[in-house]
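Notes to accompany the following structure.
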Amino acid sequence: MKAKDIVLESGKTWREIVRLATPLDSDKEINYGSNPKSKTDFDAYTDNKRIFININNEAKLKKNFEDTIVPAYKIASQKLYRVKNKISDSELLKNIIYDTFLFVHFHEQLHPWFCPNSRFDERKITKTLYDGIKEAEPSLSKAQAMFKANNIKNLCWDAILNIAFISKTSGYNNETLEQKISFIFQDNGREIESQPVMHYPSGILPIVYMNSAANRTTDVPISLVGLLYSTMSFNSEEARKNAAQIFLDDLNSKKLSNLAALDVLKEMYSGFISDVKDEHLKMLGIDRKEYLKKISDITDFSNLKYEGIQKYFVASLTRVFDSQLSRYDSIKGFVKAISKYISVREKQGSFDSNTSSFGSGSGQGSGESGEGQAGGQGEEEGEESEEGEEDEGQGAGKGKSDEEMEGDSMSQTMDDLLEELPDKERDDLLEDVIQQGTNYDDYDSYGGGGKGAGMPSKRVLNSIASIATDEYYKQNADLIELKNPSEENISFELGTKKVWKLRSSLNLTSTEINKLNVKKIMDFQQKTGLPVLVDIGNGYWRFNDYELKETPLKSYSSQLTGIEIPDNWVLLQDSSGTMTGGFFVGTGNKFDILNRVKYGLMKGLVNTAKKLGKHPKFGIVDFSDMTRYSGLDDLVSIYDAKRHRVKDVSLSPQCGGTYLNSDVFKKIEKDLKQGKTIYTLITDGEVAGDNRIYSSIQNIASKKDTAFVFVEVASSSSLGQQVKVLAAKNPAVIYYKVSSIKSIKDKLGSILVKYS
């Protein structure tokens with residue numbers, strides 16, 4: 001039987017179990033595919049709405065199980081499946097693959113239920129990892145701590161989920177999943193060589209990590225966590241020892257001796273409660289002294305009471321993770337125990353797809369790498385299930401590259417920290433990330449190995465530095481309020497109402513009044529408060545006659561009127577060496593101030609555009625040694641986006657000469673939308689280029705609804721003087737000479753909006 005067929009079969013069983021155990025997920029889509037270019041034999045991940053499982057190299061997958069898993073498990077195969085007779089290698093192979101992928105299906109399905117179970121949970125875990133790593137390694141920079149938190153977060157998510165899975169499939173904490181699995185196994189008549197299989201086998205969990213460890217293609221944290229799972233998952237001494245030894249051998253090959261690895265194992269167990277408060281442990285029914293005492297037995301694989309020990313830890317830790325009072329403190333203590341083994345450069349464990357509402361799901365992989373490759377370029381069409389379920393969708397093998405996903409994950413990690421950190425620490429983190437991205441080639445202190453060693457790839461780091469720069473100016477640029485437009489009271493109808501209206505008014509004598517039904521009149525007057533009879537003196541009375549009339553109800557609100565914002569705004573910015581020497585964020589140099597002004601104006605214009613429901617187009621021309629332009633796009637979309645081609649041009653100064661190629665104006669003209677257009681050029685020096693720059697400005701200013709603003713900062717160039725003369729003749733041209741960029745804020749704010 002082919003491995004893929006076994007995987008599909010496990011998927012059908014998973015769905016049957018889910019219909020009983022978690023009905024809300026009973027229709028969750030599964031996409032099976034293949035990515036032949038992947039380094040892993042299989043990978044799996046989720047976007048919390050769908051599950052993706054790729055069988056990338058079926059032959060390698062089967063061989064890994066044959067060479068590593070079957071030899072480790074066959075000595076305890078009878079106990080593993082609770083059957084009387086020995087199991088042949090071929091049957092053991094088929095069933096272990098089946099149960100491994102049954103676990104994989106559950107793992108991906110249960111992520112949004114257990115970890116991260118919300119955006120709040122994801123943010124809190126990220127912040128907890130960051131704090132724990134900084135506490136364990138105070139010499140790390142804030143950026144390094146963030147890189148480590150990003151690279152370990154998936155492995156920590158998986159640890160919480162996997163321990164819960166052991167608890168659920170073992171019946172600890174009164175969980176019922178074990179019963180649901182047993183019912184479906186019995187209902188389907190599951191057998192191994194004519195022997196009924198009634199229970200999900202203990203000991204499956206470490207398999208997805210064992211193959212990588214055996215092939216020496218994993219990293220230290222994965223093998224440490226694999227060793228942890230080996231102490232929790234088995235009820236057989238032999239299988240427990242065999243699994244643990246695979247991870248110990250791998251760690252030994254990475255210069256971590258068996259004795260040292262077992263010490264770290266104890267530290268991980270201890271870390272799970274080290275930062276949890278005593279009162280919270282008591283609330284969970286956990287005695288700290290008893291817990292710590294049992295840790296000494298965890299490395300005694302031959303202990304006759306081992307099954308009770310592992311049950312104690314799984315049950316205890318599941319309760320710890322389930323309570324918000326202890327969940328994050330527990331994660332903090334755990335990460336402190338392994339912090340020094342976490343890579344600054346590479347993801348530990350599995351990539352995540354970063355497509356879910358909670359940010360990301362989890363991937364699994366084995367074989368050539370310890371990291372699951374979510375996506376890729378390969379595609380393999382699935383087959384329809386026997387029950388007509390559209391499980392085998394296409395596209396599971398398609399997606400972003402590993403580097404793109406790494407960038408997405410890092411961006412999400414940074415966002416989470418920015419939401420959780422206080423203002424000062426938030427700005428410090430942003431500046432640190434930006435500086436390290438800007439000076440990538442200057443760093444060689446991350447573990448040796450040459451320039452940039454131990455850091456994320458240059459492309460990823462530059463990308464995250466660009467996002468951090470954008471976020472820094474969004475957070476720190478002062479909003480430049482556009483001038484308030486005139487306000488008018490605008491009326492609007494709320495409906496109609498019957499209102500008493502005066503129909504007529506007569507002056508009557510006392511004698512004439514006595515002929516009327518005075519009592520009825522006074523009752524009406526008292527009830528309505530209307531002045532029906534009014535004594536006007538000298539024996540005369542005024543008699544007012546009223547009638548009910550339908551009257552429209554109106555209300556009034558003060559609304560902005562007469563506002564006009566540009567349909568296009570093109571900013572031409574000088575990023576020469578006199579504007580900045582390289583790193584600029586928070587330095588106070590000209591390019592830093594320019595960005596504060598730029599973002600302040602963008603904030604004001606975006607706010608106004610949103611109020612008016614308008615979508616002005618915006619673009620940047622950056623000129624120095626080269627003239628760079630990446631087109632125009634909707635200003636609101638640009639501002640709100642984490643990454644955008646316009647921002648790439650806007651936030652990456654060239655630090656060279658001051659050259660502007662006038663051909664760029666032809667490109668801009670093709671991108672403009674119909675309506676009002678404002679060009680703004682800001683420079684601090686003589687603009688070099690062909691003689692057509694002035695002619696281009698003349699041509700632009702001659703067009704209807706178009707203005708050109710030329711701003712010189714502490715300089716007087718020959719081009720600037722030409723523009724100054726032109727501005728005196730043509731009101732569509734505006735020239736400013738300012739002593740500093742700060743001085744242009746109000747001037748540009750008044751130009752970008754106009755009131756009729």
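Computed from the coordinates by the stated procedures, all read-outs in this text should not be read as laboratory data. Note that this is a predicted model, so its numbers are computed, not measured. For neighbour counting, all protein chains shown are included, and Cβ atoms are generated from backbone atoms with ideal geometry for every residue, glycine included.
For Tyr546, the residues whose modelled amide H falls within less than 5 Å of its own, excluding neighbours fewer than 5 places apart on the same chain, are Arg503.
Which whole-number percent is the relative contact order of region 270-326 (Cα, under 8 Å, 6+ apart)?
Relative contact order, region 270-326: 41 percent.
Derived scalar couplings between HN and Hα for region 532-537 equal 7, 10, 10, 6, 9, x Hz in order, rounded to whole Hz, by the Karplus curve 6.51 cos²θ - 1.76 cosθ + 1.60 (θ = phi - 60°), x for Gly and Pro.
When DSSP assigns beta bridges and you keep just the ones with both residues in region 563-755, what percent turn out antiparallel, to the nearest 5? The answer is about 20 percent antiparallel.
Summing Lys and Arg as +1 and Asp and Glu as -1 over all other residues whose Cβ lies under 11 Å from the Cβ of Trp541 gives a net charge of -1.
Sorting 253-260, 175-182, 620-627 by their mean Cβ neighbour count within 10 Å, with the most densely packed peptide first, gives 620-627, 175-182, 253-260.
Think of each Lys and Arg Cβ as +1 and each Asp and Glu Cβ as -1; about the Cα centre, that makes the dipole of region 1-111 roughly 280 debye. Taking amide H as placed 1.01 Å from N in the peptide plane, Asp275 has its amide H under 5 Å from the amide H of Gly333, each at least 5 places away in sequence or on another chain. Highest-first packing order for the peptide set 284-297, 573-586 is 573-586, 284-297, based on the mean count of other beta carbon atoms within 10 Å. Phi angles across region 142-153 convert, under the Karplus curve 6.51 cos²θ - 1.76 cosθ + 1.60 with θ = phi - 60°, into 3J(HN,Hα) values of 4, 5, 4, 4, 5, 4, 5, 4, 5, 6, 10, 4 Hz, Gly and Pro given as x. Since only Ala72, Leu281, Leu155 are under comparison, the one whose Cα sits farthest along the positive direction of the charge dipole of region 3-402, derived from C-beta charges on Lys, Arg, Asp and Glu, is Leu281. In this Cβ point-charge picture (+1 for Lys and Arg, -1 for Asp and Glu), region 3-402 has a dipole of about 1720 debye about its Cα centre.
Placing unit charges on the Cβ atoms of the charged side chains and taking the dipole of region 563-755 about its Cα centre, the candidate lying farthest along the positive direction among Thr680, Phe618, Ser740 is Phe618.
Please compute the net charge surrounding Phe618, taking Lys and Arg as +1 and Asp and Glu as -1 over other residues with Cβ under 9 Å from its Cβ. Counting the neighbours of Phe618, the net charge comes to -1. Shown in residue order for region 242-251 are the 3J(HN,Hα) couplings computed by the Karplus curve 6.51 cos²θ - 1.76 cosθ + 1.60 at θ = phi - 60°: 4, 5, 4, 5, 4, 6, 5, 5, 5, 5 Hz (x for Gly and Pro). In region 3-402, the DSSP beta bridges split such that about 70 percent are antiparallel, to the nearest 5. Using a cut-off of 13 Å between beta-carbons, work out the net charge of the residues near Val532 (Lys and Arg +1, Asp and Glu -1, Val532 not included). Spelling it out: positives minus negatives among the neighbours equals +1.
Can you give me the relative contact order of region 563-755 as a percent, contacts being Cα pairs under 8 Å and 6 or more apart? This gives 26 percent for region 563-755. Inter-label distance, Leu672 to Arg216: 6.6 nm, where each label sits 7 Å from its Cα along the C-beta direction. Amide H contacts under 5 Å for Glu29: Ile51, restricted to partners 5 or more places along the chain or on a different chain, H placed in the peptide plane at 1.01 Å from N.
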